[in-house]
Amino acid sequence: MDIIVKTSGEDFPSRIVQMFENVIHQGHGSLVLVFLIGIIFGGIIQYTRVDKFEKIAGFAMLKDTIVPKMLFLTVGLTSIGLYFMIEAGGAHYHIKPILWQGLIIGGTLFGIAMAILGKCPGTGPVSIAEGRIDVLVGAIGGLLGGLVFTLYYDDFFKPLMGESSGKLILTGFFPGNEHMVVLIFGVAVTLIALLIPKVEMFDEADLSRLPDDKRPDRK
Amino acid sequence: MNRLPWWMGGILMSGLLLMTFSIFGADRPIGASTYVPYFAGLIFNLDPEKYTYLKEVKNAGSWEGIMLLGSLFGGFIVSVFLTKTFRLSLIPTGWKKYKNNSVLSRLLWSFFAGFIMIIGARLAGGCTSGHFMSGMSQMAISAMIFGTVVMIVLVVTGKLFYNTKED
């Protein structure tokens, strides 16, 4: 029996096959590597529990600071490492343009949504994978959002995003002092991560499974 | 509830970002919101030749789509074997404490938030992963604008939306 792989059809299964084909041919890592990056990404988010409603909505209520501490630490460490990797030719810049209207309107909608849903597009799927049905409903809303954005992109959303003011990076404002700026930025952001006071909102549903002396809220 | 401390998570996530950025890795940043319109195109069977946006996100959307499959798999395995937090649930404990006990309310708000979240992320051109982590790590000004707006709106919404005084 011959196995036929359709790569040009328009039905759902052949478009899924095309998704795999796109990744294989676009030169951004092998299929296995991209899948592995996903596993590690989801694994880190799950193992640190930052996908929880109590961590993200908890930060919105200023009752939990694990998410900003981890985010700032990630950015602080990566910024220094990445800059020198780029200098050495081991990586490239991938800068997004400054679209003032898009960033401000989009950031506002995103901030409201993140506080209410208690997830973002990276942590949401990890929550769905651990059985959170409310987040699955949020993802269906997200798919419809993606549909509306695609349908009205030319007529409404693209004009709403405004014109690009360029792809600027911080070091571009300090010619000649790039190394110093990178070090100051990286160290300052890392310090912010360390200095944000550690506050936590716990979830009784998780804590109740632990023995009394292991509960982090009773220490 | 076994878990890694936040600093370990930061170090590991940083390592993953550097590996992904590296020319020996994927030579691109990590992003996690472009796959949504890409999947919307697949599920609602939109003609990729007809819609400008589907052409624009063809490569990034499929890359993130595969990453998402990995992320679902990684999240599931870790939740079952390491954190042991896998369970079906409709309403988070924090929502019950600071909002209400209504499943319908939680599901309707989730749906609404998911909808505006993706429109917001696509208007801005990125999300927590693409802008905040990958963009700020490159010291991109666009990411700093996005990060500032999101942090302010997040905290203001948190104050207005939840009854945080009932502690």
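Summary of computed values
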read-out	value
Qualifying residues in segment B:131-167 (those that are at the interface with another protein chain (Cβ under 7 Å from one of its Cβ atoms) and touching a residue at least 60 places away in the same chain (Cβ under 8 Å)) - the one farthest from the chain's Cα centre (by Cα)	B:THR164
Filter result (open to solvent by less than 50 Å² (accessible area, probe 1.4 Å) and touching a Lys or Arg at 6+ places or on another chain (Cβ under 8 Å)) within segment B:1-17	B:MET1, B:TRP6, B:GLY10
Listing of helices (runs of 4 or more DSSP H) fully contained in segment B:86-167 that carry 1 or more residues being in contact with a strand residue (DSSP E or B) (Cβ under 9 Å, 6 or more places away or on another chain) and under 22 Å from A:GLY162 (Cβ atoms)	B:141-161
Hits in segment A:60-70 - residues which are over 15 Å from B:TRP6 (Cβ atoms) and either in a helix (DSSP H, G or I) or open to solvent by less than 10 Å² (accessible area, probe 1.4 Å) (or both)	A:ALA60, A:MET61
Where a residue in segment B:2-13 is touching a residue at least 12 places away in the same chain (Cβ under 8 Å) and over 16 Å from A:THR65 (Cβ atoms) and its partner, wherever it lies, is part of a helix (DSSP H, G or I) and open to solvent by less than 50 Å² (accessible area, probe 1.4 Å), with Cβ under 6 Å and at least six apart	B:MET13/A:ILE44; B:MET13/A:THR74
Hits in segment B:52-81 (condition: closer than 16 Å to A:GLY146 by Cβ, open to solvent by 10 Å² or more (accessible area, probe 1.4 Å), under 18 Å from the mean Cα position of the chain (by Cα) and at the interface with chain A (Cβ under 7 Å from one of its Cβ atoms))	B:LEU68
The lone exception for A:TYR47 - which of (1) of a type in the set (Ser, Thr, Tyr); (2) buried (at least 24 other Cβ atoms within 10 Å of the Cβ); (3) closer than 28 Å to B:VAL78 by Cβ it fails	(2)
Answer from A:LEU109, A:LEU82, A:LEU73, A:LEU77 - the residue that is in a helix (DSSP H, G or I), within 22 Å of A:ALA193 (Cβ to Cβ), free of Cβ contacts under 8 Å to residues at least 24 places away in the same chain and not hydroxyl-bearing (Ser, Thr, Tyr)	A:LEU82
Of all residues making up segment A:204-217, the number that are more than 22 Å from B:TRP95 (Cα to Cα) and part of a helix (DSSP H, G or I)	3
Residue pairs meeting the criteria (Cβ under 6 Å; at least 6 apart or on separate chains; first over 18 Å from A:LYS96 (Cβ atoms), in segment A:150-162; second surrounded by fewer than 17 Cβ atoms within 10 Å (Cβ to Cβ))	A:ASP154/B:THR52
Test: residue in segment A:154-163 that is among the small types (Gly, Ala, Ser), open to solvent by less than 10 Å² (accessible area, probe 1.4 Å) and either over 23 Å from B:GLY41 (Cβ atoms) or more than 7 Å from chain B (Cβ to nearest Cβ) (or both)	no
Any chance B:VAL150 is closer than 26 Å to A:MET70 by Cα, crowded, with 24+ Cβ neighbours inside 10 Å and of a type in the set (Val, Ile, Thr)	yes
Checklist (1) more than 9 Å from every other protein chain (Cβ to nearest Cβ); (2) open to solvent by less than 80 Å² (accessible area, probe 1.4 Å); (3) in a helix (DSSP H, G or I) applied to A:VAL199, failing item	(3)
Residue under evaluation A:PRO175, criteria (1) assigned to a loop (DSSP other than H, G, I, E, B); (2) in contact (Cβ under 8 Å) with a residue 40 or more places away in the chain; (3) open to solvent by 20 Å² or more (accessible area, probe 1.4 Å), criterion not met	(2)
Test: A:GLY141 is free of Cβ contacts under 8 Å to residues at least 40 places away in the same chain and open to solvent by less than 30 Å² (accessible area, probe 1.4 Å)	yes
Test: residue in segment A:87-98 that is of a type in the set (A, V, I, L, M, F, W, C) and assigned to a helix (DSSP H, G or I)	no
Number of the condition not met by A:MET180 [criteria: (1) facing chain B (nearest Cβ under 7 Å); (2) out of contact with any Leu (no Cβ under 6 Å at 6 or more places or on another chain); (3) in a helix (DSSP H, G or I)]	(1)
Hey, B:TYR38 modelled with pLDDT of 95 or more and more than 7 Å from chain A (Cβ to nearest Cβ) or not	yes
Meets criteria (facing chain B (nearest Cβ under 7 Å) and part of a loop (DSSP other than H, G, I, E, B)) for A:LYS167	no
B:LYS99 open to solvent by 10 Å² or more (accessible area, probe 1.4 Å), under 22 Å from B:PHE115 (Cα atoms) and touching a residue at least 40 places away in the same chain (Cβ under 8 Å)	yes
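The values are calculated or read from the model by the stated rules, or taken from the named source; none is laboratory data. What you see is a predicted model; the values in this text were computed from it and never measured. We place every Cβ from the backbone using ideal geometry, glycine too, and count neighbours over all the protein chains shown. The accessibility values were calculated without ligands, DNA or RNA, using every heavy atom of the protein model including side chains. Shrake-Rupley method; radii C 1.70, N 1.55, O 1.52, S 1.80 Å.
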